[in-house]
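Engineer: Got a structure for you, questions after.
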Amino acid sequence: MKDPVVKLHPLHAILTDLPIGSTVTGVAFDVVADMINSDRWRFAATASYGAAFLSGTVTALVGLWDYQAVPREHPARRTGALHGYLNAGALAMLGLTVLTRTRAAKADEAESTETPITGTQRILPLMALACFGPSGWLGGEMVFKQGWRVTPAEYGEQLEASLRKSGDEERINTAHAAVEQYDREHALVP
């Protein structure tokens, strides 16, 4: 099976902006709804969470597809699993948010009364958003530190394996030391 990569761009990385952006938008709409006591803004928030859930589901499926290509011995395998678990938790929270808010809205229509959202309905999207931070960090770890889906890193791994096979450990160690030194000297927070 082919990998989810188009012109050397991984689809999973491209899609991640949609659920994150929709969740942030939903939280902003909730704040506006609270400030002006507006059911329309509350509906917009719920719709944004629905968009986040749907786009997040597609993003997760593409991420799982990409994860299948990570070799079992590659360090990105474990990191990718943690990344996936955090995102699955965020998706579950977004799904519960949409489900409970939609049910509450239908009940309100039947009774012709307005019921404010519950504390759980308010906190779940915030918790989902909080999961996206460490999950994004782990995604960056996979790419920037562990070299997953970075073409030069994949070539570098093959070159390093070839050098090890020929017994040229010194060149490998020199290259690793140079990268570590660069990181210490140039990273904002090494």
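Every number in this text was worked out from the coordinates using simple rules, so none of it is lab data. In this text, all values refer to a predicted model and were calculated from it rather than measured experimentally. Counting neighbours? That spans all protein chains shown, and the Cβs are built from the backbone with ideal geometry, glycine included.
Engineer: Restricting to region 2-38, give me the number of residues that are among the hydrophobic types (A, V, I, L, M, F, W, C) and buried (at least 20 other Cβ atoms within 10 Å of the Cβ).
Structural biologist: Going through region 2-38 one residue at a time, the tally reaches 3.
Engineer: Can you give me the number of residues within region 120-159 that are closer than 23 Å to Tyr67 by Cβ, without any contact (Cβ under 8 Å) to a residue 40 or more places away in the chain and part of a helix (DSSP H, G or I)?
Structural biologist: So the answer is 13.
Engineer: Next question. Quick check, is Val179 among the hydrophobic types (A, V, I, L, M, F, W, C), out of contact with any strand residue (DSSP E or B) (no Cβ under 9 Å at 6 or more places or on another chain) and in a helix (DSSP H, G or I)?
Structural biologist: yes
Engineer: Hey, another quick one. Which of the following residues is touching a residue at least 40 places away in the same chain (Cβ under 8 Å), out of contact with any Gly (no Cβ under 8 Å at 6 or more places or on another chain), surrounded by fewer than 17 Cβ atoms within 10 Å (Cβ to Cβ) and of a type in the set (A, V, I, L, M): Leu82, Leu99, Leu86?
Structural biologist: Exactly one residue qualifies, and that residue is Leu82.
Engineer: Being of a type in the set (S, T, N, Q) and over 18 Å from Met127 (Cβ atoms) narrows it down to one residue among Thr97, Thr79, Thr46, Thr25; which is it?
Structural biologist: None of the other options fit; the residue is Thr79.
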